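**Q** First the structure, then my questions, so here it is.
The values are calculated or read from the model by the stated rules, or taken from the named source; none is laboratory data. Computed from a predicted structure; not experimentally measured. Here Cβ is always computed from backbone atoms with ideal geometry, including for glycine, and neighbour counts include all displayed protein chains.
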């Protein structure tokens, strides 16, 4: 797995979800917030957690942010802070900045000042955004509950020419294959003798931690 460095600023529900998921997937995460309680709540679930005001350019520079591959701005309610932090991150050289927006106008402003991607919390959950950032093989990720999810996973080379029975994903990974997509066709509830080919997309359901484990193995 290609380990990456992520900076997450703003530890509300969205930012905390992104930070924890990225860390669980094996990446380095620096989480930042002005609220000390939020910082303490996430401290054991990330690489580092710091209580500081990211709207101050000197504070940002002191974090050594040039070392990070991606920055996620999880502040949405305070538009001024969201815009200021996004602008500062781009000015100091962060190559890829994702920012949360609560309205279309907010999103337009963020794009205007250089945000590479804008997400909406009611549409893009923190877990899903985190998987999109690191899961080259995971094409889609849908949370069913706090424990279970569905993922669309591109088949890997070691699966080619093997049947689902041989792969035995339920016992190996703790997941159930509910469908396989091939070109424009989809096989619902494929049997154990279904042979995986290059380009097949596995649709699997399982516990969040099991899908994470599979993604780390494949990443």
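**Q** Within segment 71-79, can one find any residue that is more than 22 Å from the chain's Cα centre (by Cα) and surrounded by 19 or more Cβ atoms within 10 Å (Cβ to Cβ)? Give the derivation first.
**A** Let us first name the residues in segment 71-79 that are more than 22 Å from the chain's Cα centre (by Cα), namely 78-79.
This time we only want the ones that are surrounded by 19 or more Cβ atoms within 10 Å (Cβ to Cβ), so: none.
The answer is no; no qualifying residue exists.
**Q** Another one. Can you find even one residue in segment 50-62 that is under 23 Å from residue 209 (Cβ atoms), more than 13 Å from the chain's Cα centre (by Cα) and either without any contact (Cβ under 8 Å) to a residue 24 or more places away in the chain or assigned by TED's automatic domain parsing to the domain that holds residue 121 (or both)?
**A** no
**Q** Looking only at segment 185-197, count how many residues are surrounded by fewer than 12 Cβ atoms within 10 Å (Cβ to Cβ) and either farther than 15 Å from residue 152 by Cα or in contact with a strand residue (DSSP E or B) (Cβ under 7 Å, 6 or more places away or on another chain) (or both).
**A** Filtering segment 185-197 for residues surrounded by fewer than 12 Cβ atoms within 10 Å (Cβ to Cβ) gives 185, 188-189, 191-193.
Now drop any that are not either farther than 15 Å from residue 152 by Cα or in contact with a strand residue (DSSP E or B) (Cβ under 7 Å, 6 or more places away or on another chain) (or both), which leaves 188-189, 191-193.
The qualifying residues number 5.
**Q** Here's another thing I want to ask about it. Criterion first (modelled with pLDDT under 75, part of a loop (DSSP other than H, G, I, E, B) and surrounded by fewer than 19 Cβ atoms within 10 Å (Cβ to Cβ)) does residue 146 satisfy it? Walk me through it before giving the result.
**A** Values: modelled with pLDDT under 75: yes; part of a loop (DSSP other than H, G, I, E, B): yes; surrounded by fewer than 19 Cβ atoms within 10 Å (Cβ to Cβ): yes.
In short, yes.
**Q** On the basis of being surrounded by fewer than 19 Cβ atoms within 10 Å (Cβ to Cβ) and more than 22 Å from residue 95 (Cα to Cα), does residue 67 make the cut?
**A** On the way: surrounded by fewer than 19 Cβ atoms within 10 Å (Cβ to Cβ): yes; more than 22 Å from residue 95 (Cα to Cα): no.
Criteria not met by residue 67.
**Q** Looking only at residues in segment 1-13 that are surrounded by fewer than 24 Cβ atoms within 10 Å (Cβ to Cβ) and modelled with pLDDT of 90 or more, which one is farthest from residue 67 (Cα to Cα)?
**A** Per the stated criteria, the residue is 12.
**Q** Quick one: in segment 21-34, of everything that is assigned to a helix (DSSP H, G or I) and in contact (Cβ under 8 Å) with a residue 40 or more places away in the chain, which residue is surrounded by the fewest Cβ atoms within 10 Å (Cβ to Cβ)? Steps first, please.
**A** Initially, segment 21-34 is screened for residues assigned to a helix (DSSP H, G or I), giving 21-24.
With the extra rule that they be in contact (Cβ under 8 Å) with a residue 40 or more places away in the chain, the set shrinks to 21-22, 24.
Values: 21: 24, 22: 28, 24: 19.
Only one residue tops the list, namely 24.
**Q** Has segment 98-108 got any residue that is buried (at least 16 other Cβ atoms within 10 Å of the Cβ), out of contact with any helix residue (DSSP H, G or I) (no Cβ under 7 Å at 6 or more places or on another chain), modelled with pLDDT of 90 or more and more than 20 Å from residue 12 (Cβ to Cβ)?
**A** Looking for residues that are buried (at least 16 other Cβ atoms within 10 Å of the Cβ), out of contact with any helix residue (DSSP H, G or I) (no Cβ under 7 Å at 6 or more places or on another chain), modelled with pLDDT of 90 or more and more than 20 Å from residue 12 (Cβ to Cβ), one finds none in segment 98-108, hence no.
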